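A quick write-up on the structure given underneath.
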Amino acid sequence: MHIECNDRKGAEKVKKPVIGISTNIIIDSGGMFPGYHRSYVNRDYIRSVLAAGGVPVMLPMTDDKEAVKQALSLCQGLILSGGQDVYPLYYGQEPHRALGEVCPERDDFDYELYRLAREMDIPVLGICRGAQIIATAEGGSLYQDLCLIDGAFKHSQGHSPSMPSHHISVEKGSKLHDIFKAERIAVNSFHHQAVSEAGANMRVTARSDDGIIEAFEHRTADFVLAVQWHPEMMYASDEYMLDLFKALVDNCK
Ligand SMILES: [Mn+2]
């Protein structure tokens, strides 16, 4: 009996952490349903979480706060994904002429997810727009376009997203440095905006050689990391990027 019991116990699998991923809306421009709205996220996010040992769950955009809360309560970690520019009025600026597409409804949704995730004290990884959401939620601010910064590199690469575009220097003693165990990393780049101030609770942990903020993390929370590049697009070819997702999954309770 005891042996059977132990065998059964040994066969029980430890549940993998569920990682909620904020999604976007895409509007069909043609095909069978022109003008139709679809909830979506790029598949690389799903694949990165799976490769890191987590279970990805897509969180659909909605203004139903109770639904958002219940959906996030099923998750042990959160990824705020990339997408549109953040609505400038939400961080106290008027729209610069180089501002891209905005979606204030999605900002509201992402801000709510971030607020709840902080309340629940679960790990958060902000990617590109997700990093800008975290910065502005924390009282920081953005450059609406890199043309506002003299000497800024080209940060919107024209080649394959799986290939890096520029280097970053990672601050020693940061969580990011603990994950990478390296001070110099090559990353891809698909942003025309940048974080100008990350907020008082945040520590800037990586910059590109032109001084642009490329990563920051919460000073006191266990795991709130924000990166300006797209690690999910490099996870399959670059171990550093997979390690970032593994760190997110490993920090889930
Ligand atoms: Mn960049």
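Excluding ligands, DNA and RNA, the accessible surface per residue across the range 16-250 is 45 Å² with a 1.4 Å probe.
Taking the Cα centre of the chain as reference, the dipole from Cβ charges on Lys and Arg (+1) and Asp and Glu (-1) amounts to some 660 debye. Cross-link partners of Lys172 among lysines, defined as those whose alpha carbon lies under 24 angstrom from its own and excluding same-chain residues fewer than eight positions apart: Lys181, Lys246. Taking the charge dipole of the chain about its Cα centre, with +1 at Lys and Arg Cβ atoms and -1 at Asp and Glu Cβ atoms, the residue from Gly77, Tyr36, His167 reaching farthest to the positive side is Gly77.
Here Lys175 is the anchor, and the aspartates and glutamates within straight C-alpha reach of less than 15 Å, apart from those fewer than 8 places off in the same chain, are Glu183, Glu214, Glu217, Asp222, Asp243, Asp250. In a solvent-free Debye calculation with one equal scatterer on each Cα, what is log10 I(q)/I(0) for the range 56-148 at q = 0.17, 0.21 Å⁻¹, listed in the order of the q values? So the normalised log intensities are -0.71, -1.02. Straight-line cross-link reach from Lys253 at under 16 Å between alpha-carbon atoms covers these lysines, not counting any fewer than eight positions away in the same chain: Lys13, Lys15, Lys16.
Sparsely packed loop sites in the range 71-151 (the trypsin sites (Lys or Arg not before Pro) outside DSSP H, G, I, E and B with at most 13 other Cβ atoms within 10 Å) comprise Arg97.
Dividing the radius of gyration of the alpha carbons in the range 137-253 by their Kirkwood radius gives 0.95 for Rg/Rh.
Taking the Cα of Cys147, stepping 7 Å toward and past its beta carbon, and measuring to each backbone N in the range 76-96: which are under 16 Å? So the set is 95-96.
Reported to the nearest whole Å, the Cα centre-to-centre distance from the range 201-241 to the range 43-104 is 16. When both bridge partners sit in the chain, DSSP labels roughly 60% of those beta bridges antiparallel. Among the chymotrypsin sites (Phe, Trp or Tyr not before Pro) within the range 28-69, those in coil by DSSP and having at most 11 neighbouring Cβ atoms inside 10 Å are Tyr36. Which percent of the accessible heavy-atom area of the range 16-250 goes to carbon and sulfur, probe 1.4 angstrom? Using a 1.4 Å probe with all protein chains present, the range 16-250 comes out at 51 percent carbon and sulfur. Between Glu101 and Asp209, the simple label model (points 7 Å from Cα in the Cβ direction) yields a spacing of 3.3 nm. Restricting the calculation to alpha carbons of the range 16-250 gives Rg and Dmax of 16.7, 53 angstrom.
In the range 138-195, which trypsin sites (Lys or Arg not before Pro) are in a loop and have at most 11 other Cβ atoms within 10 Å, using DSSP for the loop call? Sites meeting the loop and neighbour criteria: Lys172, Lys181.
The values are calculated or read from the model by the stated rules, or taken from the named source; none is laboratory data. Note that the structure is predicted; figures quoted are calculated from it, not measured. Note that we place each Cβ from the backbone using ideal geometry, even for glycine, and neighbour counts take in every protein chain shown. In case anyone asks, the SASA skips ligands and DNA or RNA and just uses the protein heavy atoms, side chains included. Shrake-Rupley method; radii C 1.70, N 1.55, O 1.52, S 1.80 Å.
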